[in-house]
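Worksheet: one structure, shown below.
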Amino acid sequence: MAHRAAFSFAAIIALSACSAPQADPAPTSAAPSVQQEMPTAVVQSAGGKKAVVHAGVSSAPEESGQLVGSLGADGAGCIVVRTRDGQSTTLIFPQGTAFKGEALALPDGSSLAAGAKVTLDGARVPADEKLSVCPNYSRLFSVVTATINP
């Protein structure tokens with residue numbers, strides 16, 4: 001009987017050790033996580049057009065590039081460029097961009113109006129749900145320079 005009790009006690013200890021929840025090891029990271037941020041603001045013309053502009057230094061990843069197309073506005077009035085292949089991209093303009101009437105005045109002194117054929121140098125940036133006022137907030141291009149094409 002003592003042998004059976006000792007065996008039962010040992011079995012209970014073994015089973016409880018197997019069924020005890022195991023803690024997952026804490027994930028390790030080689031680098032601390034950094035909040036990616038792209039501070040923006042939306043400026044609006046008297047006619048209801050909206051331009052997204054930088055409102056501080058961005059830490060969001062960028063992919064340098066160029067867009068060629070025509071300036072227009074989407075259904076919500078946000079300024080976009082429409083490329084020859086029909087793609088529409090919401091534009092983010094440099095800090096200090098403002099409307100003068102219905103045209104955009106960039107800080108470098110250039111002016112952009114709807115329908116203008118342009119070449120835009122800058123960078124593609126990640127989607128930003130804070131810009132959901134613009135239907136195409138998942139396709140964004142940060143404008144550095146804009147050249148009007150004849």
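The values are calculated or read from the model by the stated rules, or taken from the named source; none is laboratory data. Computed from a prediction, not measured in an experiment: that's the story for all the values here. For neighbour counting, all protein chains shown are included, and Cβ atoms are generated from backbone atoms with ideal geometry for every residue, glycine included. SASA here: full protein model, heavy atoms, side chains in, ligands and nucleic acids out. Shrake-Rupley method; radii C 1.70, N 1.55, O 1.52, S 1.80 Å.
At a glance:
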| quantity | calculated |
| --- | --- |
| Selected residue (only one of 95, 66 is under 19 Å from residue 37 (Cβ atoms) and either open to solvent by 70 Å² or more (accessible area, probe 1.4 Å) or part of a loop (DSSP other than H, G, I, E, B) (or both)) | 95 |
| Residue selected from the range 94-143 under the condition of a type in the set (Val, Ile, Thr) and under 20 Å from residue 44 (Cα atoms), by the criterion farthest from the chain's Cα centre (by Cα) | 97 |
| The range 102-150: number of residues that are open to solvent by less than 50 Å² (accessible area, probe 1.4 Å) and either assigned to a strand (DSSP E or B) or β-branched (Val, Ile, Thr) (or both) | 15 |
| Failed condition for residue 119, given (1) more than 18 Å from residue 148 (Cα to Cα); (2) in contact with a strand residue (DSSP E or B) (Cβ under 6 Å, 6 or more places away or on another chain) | (1) |
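Residues checked against (1) surrounded by 10 or more Cβ atoms within 10 Å (Cβ to Cβ); (2) modelled with pLDDT under 70; (3) within 30 Å of residue 125 (Cβ to Cβ):
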site: 11; (1), (2), (3): yes, yes, no
site: 16; (1), (2), (3): no, yes, no
site: 30; (1), (2), (3): no, yes, yes
site: 33; (1), (2), (3): no, yes, yes
site: 44; (1), (2), (3): yes, no, yes
site: 50; (1), (2), (3): yes, no, yes
site: 53; (1), (2), (3): yes, no, yes
site: 77; (1), (2), (3): yes, no, yes
